[in-house]
Each structure stands twice: as C-alpha cells, then as structure tokens.
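Remarks on the structure that follows.
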Amino acid sequence: MKVHVDMSICLLHGQCVIAAPEVFSFDDAGGLVWVTEIDDSQVADAEAASDACPEQAIILG
Amino acid sequence: MADPRITIVGASLAGLRTAEAVLAELPQARIMLVGDEPHAPYNRPPLSKDSMEALAGGQAPRAEVFEKLLLRSKIMPGQIEMRLGVAAAGIESGNVRLEDGALLRSDFVVAATGIRPRRMPMQGAADRRHVLRSFDDAEALAQAMRPGAQMVVIGAGFIGCEIAATARKLGLHVTVVEPAPQPMLRALGHRVAAAMAALHRRHGVTLLTGRSVETFEAERVILDDGKALEADVIVEALGSRPNTEWLAASGADLSDGVLVDDRMQAIGAQNLLAVGDLARFANPLFDDLPRRVEHWCVPGQTAKRAAATIAARVSGGAPAPDFAPMPSFWSDQYGMRVQAFGAPALAETQTVVEGDLTQIGVAPIVVEYARGDHLVGVIGLGAPPALIARYRARLMDALCAPVTA
Ligand SMILES: Cc1cc2nc3c(=O)[nH]c(=O)nc-3n(C[C@H](O)[C@H](O)[C@H](O)COP(=O)(O)OP(=O)(O)OC[C@H]3O[C@@H](n4cnc5c(N)ncnc54)[C@H](O)[C@@H]3O)c2cc1C
Ligand code: SF4
C-alpha cells in the first residue's frame, strides 16, 4: 500500500506519529517523514493514523 | 442474530466512525445512519478557525469551504443506509422513532447525537446573537464578521477564545466576557490560563474576567457591574448541553450525556450504546469517575470500542479488555497551537518544563500537569510536535505504571 501526506494541508498535529510510529516520524528538523510503501503488517496502523489525522491529510492507496 | 440491524443516530464524526468500525467488524450488519442536519458528515474544528476565516473573508465560495470539511470515509455507496435532515424523536421498545413518524427496528441503537451550545436565558438583541456548533451556525456568524464591527464573545472557553482570535485577524473589535478569573481556566489551570489571557490582550482583545452578562439591550450588552458594551455581533460560547431528549424513554442514565460502561453500553438500557461527545465513561488511566470528554479524538476511540462490543455480542465472543484511551486535544489561536495530552483538567500542579510562560506565542513552551505525585497531562504551547512527543511518552509511562500510592 502507498502512503502519501498532502503537506499543503498537514498542520503537524503529529497524531499519525503516535498512531503509526513505524510509518510516520519526525526528522531532526521537526518535519514529518513517512514510509511511502508499506507492507500488509503496517496497514492497520496506517489506517488508524489516517483516521486520527484531524486535517485528513493522509492518503492511502 | 445473523444480520443485526444497527441504527446510529447522529451523522457526524462519532456516528460515521461507528458505521465504519461496525462494517469492518460485521460486514453483514444492516446499518442505518440518521442525522438531523441536512449535510453529509463533516468536520467541526475548522469552523472556529480556517473555515470561519474563509467564510467571513469571502476568499472562497461556501461550497468550496464545505467541501474541505466533508469527512472522508471508507464506506462505499450502498454499504449503509443514510437518512439525513430528519431527527430521532424517541425510543420505543428499543427501536428508534423518527420525527417524520418512521419506526426503525433495531437490534442495537448507537447514540451519537453530541451536544449543542448552551444559551443565555435572557431575551433581547435576538438579531445579533450567535452560537457556533454547526456549519449553518458558522455561515450565519461569518456573515456578521465584518472588519471594524464590535464583537462581544460571552464565555472564554476554547471555542470562545478561538472565535475571538479569528475575529481579531479579520479586523473586528473584540471584547470577551468571562465569569471565571481566567480564560480556559478549568482546562489549562491558572498559570497557563493567565499566559493565554496575556496572549489575547497582546493581540488587542479586551478580556473582562470575573464579569457576567446581566441583560441584552437592542444594540448593547450590559454587564453585572453596569458596564455597557456596544455590540454588532454577540457570540454565546457558554459551554454545552448533551442532545439526549430523544433518549428520555430509553431507561439510560441521562444526568450528563449518556452514562456508559467501559464497553460503551448504556447503563440501564440493554441495546443502547453511546459514543463521542455524548458518552460519559470512566477512563482507568485516571480514575473511576465517568466523564464526558468533548475532544475530537474521542469519537474515533469510542466508535471502535462500541463496534467491538456489538461484534462480541452478536457472535457471543468474549469482551475485550479494559478501555483506556489516551485523550488529546488541540486549539489554534493567533497561529499558536495548544496541544494537550492526558487530562490536564484533573491536575493540581503545573510545572513548566520547556521555555517560559512570559514568552507565550514567541517561543515554545511545554508544561507538565500532576495530581499528587502523578503526572496526568502535558500541554505544549507553540511547541514543535517532536518536542511534545517526548513528553507525551513520559506521560504515557507514568499513566500506565501501576499506581502504588
Ligand atoms: C467550533 C468547534 C471547534 C472545535 N475545535 C476543536 C479542536 O480544536 N480540538 C478538539 O479536540 N475538538 C474540537 N472541537 C470538538 C469536536 O469537534 C467534537 O468533539 C466532535 O465534533 C464530536 O463529535 P460527535 O460526533 O460526538 O458530536 P457532534 O459532532 O456534535 O455530532 C452530533 C450530530 O448529531 C446530530 N443530532 C443531534 N440530535 C439529533 C437527533 N435527535 N436526531 C438526529 N441527529 C441528531 C447533530 O445535529 C450533529 O450532527 C470543536 C467543536 C466545535 C463546534
Ligand atoms: S496527523 Fe495529519 S496533520 Fe498531523 S502530522 Fe500527521 S499528517 Fe500532518
């Protein structure tokens, strides 16, 4: 599954980092980074992250 | 119960997330989602923030503003039935009666009807008094938010403070009237609340604390000390009332929202569950006192829980273990994010662990909240998420450690 974050609407709530720490994280500069191609074992976490994002910035496909 | 009929009342965040979670657990369930608003489920937090600014400033047409608020959903057309623009009127033998007379036969009813703003009982100034909960409320208020207008906000909770901040940005003159000594006092505690008061004043808000409204005249708000405030726009942001009238005959405890157990089942009503802002439940992370929690994260958390409960009851499976979700909320004021985890409202003491409260809005601040010796919450003020994340982890460890006291 592919993971994309629309950085034009992401407001850095960081909820995705909490819900799916293996997929989303902050880099040293505090920016959001994520794994763009995830395997089946990470899908549930990524979906939870997408639901937890108050800006609906995470697109899974 | 092969194909259970599940009626979800309230077509907003909690209702939609419940429908999704039930479908994921029980694909054969027959789900009916009922909502009294004419709109498809949408997101409320931007209504006091960006969406309000966009509607009032006229930068974007209303349809475009609404489009951005629509909640994206995993539900495919035809997977559930939706009845929008019709309210539930009552419960009859466990079934839902709609105001148009229809009776929805239900094996389970999920109450997701949320809350509505409380209003001042006094008459007067009806042409300029507003509340903010729905998109329609936001549109009406936005129309009145003209640059240079005099706005009086009654109540300095989060919604009142966010409206004040947005109104300042739009060029209104803003006075906030609050009976408590500080804004957002219960949620933030006195030190952080005092810093937030300073932030509002720095941005030109006249903040009258320890004051309440006595009466409304045609174009003025009269306070308890006799002071008269000119008002082109009045916003009542006094807190909320749970929408439980339709549940009067359900047998549930409705003393403040719907009292539910740790599986979201209403106490006193077999087949009723409640989710979102409406549900009053205990969180074992803190104690055993049931509380309603009006945070955006709660609908998602309680929806999953309710769906798991329904699935377990349908299949006769075992109940899942304890429900102890980590609360979080945020607020945006003057471009500064307030981000909280845990339950700062339960704390007795506050410790600034990063930055300095006099630097609010300028430099990052993190504050830890404790009850006795136990951390119960953390709040970041303009703090980068990566920084707050470290303190959230500390809080998580503290809350999950066995209590020895
Ligand atoms: C302006 C505003 C700003 C906010 N900002 C933040 C924020 O920054 N951070 C944060 O954490 N939270 C924020 N919140 C809170 C968050 O939006 C709520 O916690 C969330 O909307 C709760 O969802 P819910 O589905 O439980 O209830 P609601 O969203 O209130 O939905 C209940 C639905 O049920 C409908 N209904 C009521 N009675 C009936 C009936 N009898 N029959 C049928 N339908 C009925 C209502 O019309 C409504 O559509 C904000 C809320 C508002 C209003
Ligand atoms: S939760 Fe959403 S808004 Fe927040 S950092 Fe993640 S993608 Fe961005």
Of the conditions (1) open to solvent by less than 20 Å² (accessible area, probe 1.4 Å); (2) more than 16 Å from ligand 2 (Cβ to nearest atom), B:SER93 satisfies every one except a single condition; which number is it? (1)
For helices (runs of 4 or more DSSP H) lying entirely in region B:131-224, having 2 or more residues that are within 26 Å of B:ALA347 (Cβ to Cβ), over 23 Å from the mean Cα position of the chain (by Cα) and in contact (Cβ under 8 Å) with a residue 40 or more places away in the chain picks out B:190-202
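Results for (1) out of contact with any Pro (no Cβ under 7 Å at 6 or more places or on another chain); (2) of a type outside the set (Lys, Arg); (3) open to solvent by less than 20 Å² (accessible area, probe 1.4 Å); (4) modelled with pLDDT of 95 or more, shown as yes or no for each residue.
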| site | (1), (2), (3), (4) |
| --- | --- |
| B:GLY251 | yes, yes, no, yes |
| B:LEU273 | yes, yes, yes, yes |
| B:ALA282 | no, yes, no, yes |
| B:ALA303 | yes, yes, yes, yes |
| B:ALA307 | yes, yes, yes, yes |
| B:SER315 | yes, yes, no, no |
| B:ASP322 | no, yes, no, no |
Kindly evaluate B:VAL34 against the criterion of being closer than 30 Å to B:ALA167 by Cβ and open to solvent by less than 80 Å² (accessible area, probe 1.4 Å). no
Cβ-Cβ under 9 Å, sequence separation 6+ or interchain: first residue in region B:6-26 and in the same structural domain as B:ARG133 (by TED's automatic domain parsing) and of a type in the set (D, E, K, R), partner within 16 Å of ligand 2 (Cβ to nearest atom) and outside any helix (DSSP H, G or I). Which pairs? none
Would you confirm, using the coordinates I've provided, whether B:LEU238 is under 22 Å from B:ARG168 (Cα atoms), out of contact with any helix residue (DSSP H, G or I) (no Cβ under 6 Å at 6 or more places or on another chain) and in a loop (DSSP other than H, G, I, E, B)? yes
Please specify each residue of region A:1-46 satisfying the condition of being near ligand 2 (Cβ under 9 Å from one of its atoms), over 9 Å from the mean Cα position of the chain (by Cα) and not β-branched (Val, Ile, Thr). A:ASP6, A:MET7, A:CYS10, A:LEU11, A:LEU12, A:HIS13, A:PHE26
Kindly establish whether A:VAL3 is in contact with a Ser or Thr (Cβ under 6 Å, 6 or more places away or on another chain), among the β-branched types (Val, Ile, Thr) and touching a residue at least 40 places away in the same chain (Cβ under 8 Å). yes
Is at least one residue of region B:69-85 open to solvent by less than 40 Å² (accessible area, probe 1.4 Å) and in a strand (DSSP E or B)? no
So which residues in region B:9-43 are assigned to a loop (DSSP other than H, G, I, E, B) and within 16 Å of ligand 2 (Cβ to nearest atom), if there are any at all? B:ASN43
Answer yes or no as to whether B:PRO299 is within 16 Å of ligand 1 (Cβ to nearest atom), within 28 Å of B:ARG72 (Cα to Cα) and modelled with pLDDT under 95. no
In region A:49-58, the residues that are over 23 Å from B:LEU381 (Cα atoms) and either more than 11 Å from ligand 2 (Cβ to nearest atom) or of a type in the set (D, E, K, R) (or both): A:ASP51
Some residue of region A:9-22 being open to solvent by 60 Å² or more (accessible area, probe 1.4 Å), of a type in the set (Gly, Ala, Ser) and within 13 Å of another protein chain (Cβ to nearest Cβ): no
Consider B:ASN43 carefully, then state whether it is assigned by TED's automatic domain parsing to the domain that holds B:GLY251, crowded, with 16+ Cβ neighbours inside 10 Å and closer than 25 Å to B:LEU278 by Cα. no
When residues of region A:36-50 are filtered for being touching a residue at least 24 places away in the same chain (Cβ under 8 Å) and either farther than 27 Å from B:GLU25 by Cα or within 10 Å of chain B (Cβ to nearest Cβ) (or both), how many remain? 3
Starting from residues that are closer than 14 Å to B:PHE341 by Cβ and open to solvent by less than 30 Å² (accessible area, probe 1.4 Å), keep the ones in region B:352-374 and report whichever is farthest from the other protein chains (Cβ to nearest Cβ). B:ALA370
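The values are calculated or read from the model by the stated rules, or taken from the named source; none is laboratory data. Computed from a prediction, not measured in an experiment: that's the story for all the values here. Heads up, the Cβs are rebuilt from the backbone with ideal geometry, glycines too, and the neighbour counts pull from every protein chain shown. To get the accessible areas, we keep the full protein, side chains included, count just its heavy atoms, and leave off ligands, DNA and RNA. Shrake-Rupley method; radii C 1.70, N 1.55, O 1.52, S 1.80 Å.
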